[in-house]
Amino acid sequence: MNRKLCLTTLLLMLAGASAPLSGLADQFADQRLTLDELRQKYGDPDGRIAEIGGVEVYYKDQGEGPAILMIHGSRSSLRTWDRVAPELLDRYRVVRYDLPPNGLSGPVSDEAVDRMEPADLAAGLLDHVGLEQVTCVGVSSGGTTCMYLAATYPDRVNRLIMSNSPSDPVTTDHVNHPPAFKAALEEFVETGFESENFINLFLDFYSGDPRRISEQTRREYYDFNRRVKEPNPIAMIGLVADHEKTRKAMASVRAPALLIWGGRDALLIPASAGTLARYLENTQVSTVFMPDVGHYPPLESPVRFAQIVAAYLEAATPAGFD
């Protein structure tokens, strides 16, 4: 696989794009799931739907106490936090949501794209659930969305926790994909369909230890990523494609920040945490490395991740916040 193809594919995956690069995806129409089918299969009594800016947002609001907003990465869902949230609910109120049009959230119209950005959607959800201020926790591009929320609505974020989130436009010069994963990537680029084999190889590659990724998680990733194609698949994803805009936003963040970094991330290597910390130049930044974990710490080591979050929240007293 040449570098151009690899980079294009990687950006599509990180952005959560479901549109194919060719016209062949219709051959998989019978294997795709509609939003109604996904809601029937994965909806549960704790789930709620809010209309934010004309977009249906599926969310969960559980627990009592200081509030935490959790934002998942691209190509994922609020289920990223299924084994993290329960570890915190005895002390905290945890709100998490599916970034539209991922998970069980609705599609994003052109009008919605014109009306709001990812941070506006997050702020709208906070309004809906009656929260003035939160700790925002995000993994991968979800951390980028948290950063934009802290930059755009500084009074609403008292602490920022980012896990394996990009600081610059993603490059793949350093990434060495195994042959089987390369072949699966090429097939994905050709067809636009993410097969079970592709999902499994993807999760294996971006894990520190693939054995930690449960069969249930693998099935959920497969199901949610074979959803019928939606318009504007990446509009509500926090991206760093505009380097100047991102650097300016990071420099404006004042909320104290914690970086939780999986040290075996093949894409965002440990040095990436240092770069991100430098870009958050006007706030206090702490970093905790999880050396045996890959790109998705909440999936691989949820209890340990929750313990780190709780320890930080219990120890930190940000200046200017009660």
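With respect to (1) surrounded by fewer than 20 Cβ atoms within 10 Å (Cβ to Cβ); (2) of a type outside the set (Phe, Trp, Tyr); (3) part of a helix (DSSP H, G or I), the lone exception for VAL175 is condition (3). If you go through segment 253-273 one residue at a time, do you hit one that is closer than 30 Å to PHE181 by Cα, in contact with a Leu (Cβ under 6 Å, 6 or more places away or on another chain) and part of a helix (DSSP H, G or I)? So far as segment 253-273 goes, yes, one or more of its residues are closer than 30 Å to PHE181 by Cα, in contact with a Leu (Cβ under 6 Å, 6 or more places away or on another chain) and part of a helix (DSSP H, G or I). GLY130 passes every criterion in (1) surrounded by fewer than 16 Cβ atoms within 10 Å (Cβ to Cβ); (2) farther than 15 Å from VAL94 by Cα apart from (2). For THR287, the conditions (1) within 20 Å of the chain's Cα centre (by Cα); (2) surrounded by 18 or more Cβ atoms within 10 Å (Cβ to Cβ); (3) farther than 22 Å from ASP82 by Cα all hold with the exception of (2). Taking the criterion of being within 15 Å of THR80 (Cβ to Cβ) and of a type in the set (Gly, Ala, Ser), the residues of segment 127-152 that qualify are GLY138, SER140, SER141, GLY142, GLY143.
Could you go through segment 256-264 and let me know if any residue there is of a type outside the set (Lys, Arg), surrounded by fewer than 22 Cβ atoms within 10 Å (Cβ to Cβ), at pLDDT 95 or above and on the phi < 0 side of the Ramachandran plot. Yes, segment 256-264 contains at least one residue that is of a type outside the set (Lys, Arg), surrounded by fewer than 22 Cβ atoms within 10 Å (Cβ to Cβ), at pLDDT 95 or above and on the phi < 0 side of the Ramachandran plot.
Of all residues in segment 240-252, those being of a type outside the set (S, T, N, Q), assigned to a helix (DSSP H, G or I) and touching an Asp or Glu at 6+ places or on another chain (Cβ under 8 Å) number 3. The C-beta contact set for segment 212-226 (first residue under 12 Å from LEU201 (Cα atoms), second residue modelled with pLDDT of 95 or more and outside any helix (DSSP H, G or I), distance under 6 angstrom, 6+ apart or interchain) comprises ILE213/SER207.
The residue pairs whose first member lies in segment 282-311 and is assigned to a helix (DSSP H, G or I) and charged (D, E, K, R), whose second member is exposed (fewer than 14 other Cβ atoms within 10 Å of the Cβ) and at pLDDT 95 or above, and whose beta carbons are closer than 9 Å, counting only pairs six or more residues apart or on different chains, are GLU300/ASP209. Condition check for PRO166 on (1) of a type outside the set (Gly, Ala, Ser); (2) part of a loop (DSSP other than H, G, I, E, B); (3) crowded, with 17+ Cβ neighbours inside 10 Å; (4) free of Cβ contacts under 8 Å to residues at least 60 places away in the same chain: one failure, at (4).
Taken together, GLY238, GLY262 contain a single residue that is over 23 Å from ALA310 (Cβ atoms), touching a residue at least 60 places away in the same chain (Cβ under 8 Å), touching a helix residue (DSSP H, G or I) at 6+ places or on another chain (Cβ under 9 Å) and small (Gly, Ala, Ser), which is GLY238.
The values are calculated or read from the model by the stated rules, or taken from the named source; none is laboratory data. This one's a predicted model, so the numbers in the text were calculated from it and none came from an experiment. Note: ideal-geometry Cβ built from the backbone for every residue, glycine included; neighbour counts use all protein chains shown.
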